[in-house]
Amino acid sequence: MMAQTFSKVVFAVFRAGAFVCVILLFSSLGLAQKVVTARATIPFSFWAEGHEFQAGDYVFDNEVPSSATIHREGTNSAVGVSIILYEVPEDKESPRLIFVRRDEKYFLVELWGVQVRFVVTAEVKHRGEVNEQQRRVPLTIVETHDQ
């Protein structure tokens, strides 16, 4: 009886693993990632995934899947933040960054492209949050291509 229960559990785990592999395979087929590089002048210091950034000119790109790289112009370092696609609006929008003020600090919460909206993974619970101290900073698309 115990051997039969054990084999059922092993088979169930195997089926679940196979199902996950199939989903991963189909989610990557035919879906070329659109790589976007954009610039923004951010007139205030801000935080993203535990990193503080000073006011200045920044370059954002999504060359690595499920992440955005934040690079301050004039420096050699960049910080990657995890992002999740959460909405594809029906109409095209002006690209922008969305910051929310909490505890006297601005936090990068969302990155909006022309036809997609991403939320910073660490800020997913604040997705769509609107308050009177929210700041929107326009992004200027510099380059876009399929990867």
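The values are calculated or read from the model by the stated rules, or taken from the named source; none is laboratory data. Note that the structure is a prediction, hence the values are computed from the model and not measured. Cβ placement follows ideal geometry from the backbone for every residue including glycine, while neighbour counts extend to all protein chains displayed. Note: accessible area is taken over every heavy atom of the protein model, side chains too, but ligands, DNA and RNA are not part of it. Shrake-Rupley method; radii C 1.70, N 1.55, O 1.52, S 1.80 Å.
Restricting Glu52, Glu90 to those that are at pLDDT below 90 and closer than 26 Å to Glu129 by Cβ reduces the list to Glu90. Against the criterion of being outside any strand (DSSP E or B) and surrounded by 12 or more Cβ atoms within 10 Å (Cβ to Cβ), Val114 qualifies.
Among Val59, Val109, Val100, Val79, which is the only one that is within 19 Å of Gln134 (Cα to Cα), in contact (Cβ under 8 Å) with a residue 24 or more places away in the chain, of a type in the set (Val, Ile, Thr) and open to solvent by less than 50 Å² (accessible area, probe 1.4 Å)? It would help to see each step written out before you state the result.
Numbers: Val59 fails: within 19 Å of Gln134 (Cα to Cα); Val109 fails: in contact (Cβ under 8 Å) with a residue 24 or more places away in the chain; Val79 fails: within 19 Å of Gln134 (Cα to Cα).
Matching residue, one of Val59, Val109, Val100, Val79: Val100.
Output the residues belonging to segment 82-97 that are surrounded by 15 or more Cβ atoms within 10 Å (Cβ to Cβ) and not small (Gly, Ala, Ser). Lay out the reasoning, then the answer.
Of all residues in segment 82-97, those surrounded by 15 or more Cβ atoms within 10 Å (Cβ to Cβ) come to 82-83, 95-97.
Within segment 82-97, Ile83, Pro95, Arg96, Leu97 meet the criteria.
Considering only segment 120-143, state which residues are open to solvent by 80 Å² or more (accessible area, probe 1.4 Å) and assigned to a strand (DSSP E or B). Give the derivation first.
Of the residues in segment 120-143, the ones open to solvent by 80 Å² or more (accessible area, probe 1.4 Å) are 125, 127, 130, 132-133, 135-136, 138, 140, 143.
Listed by number, the residues that qualify are Arg135, Arg136, Pro138, Thr140, Glu143.
Taking segment 62-76 as the range and being surrounded by fewer than 16 Cβ atoms within 10 Å (Cβ to Cβ) and either among the charged types (D, E, K, R) or closer than 19 Å to Gln134 by Cβ (or both) as the test, the residues that pass are Glu63, Glu73.
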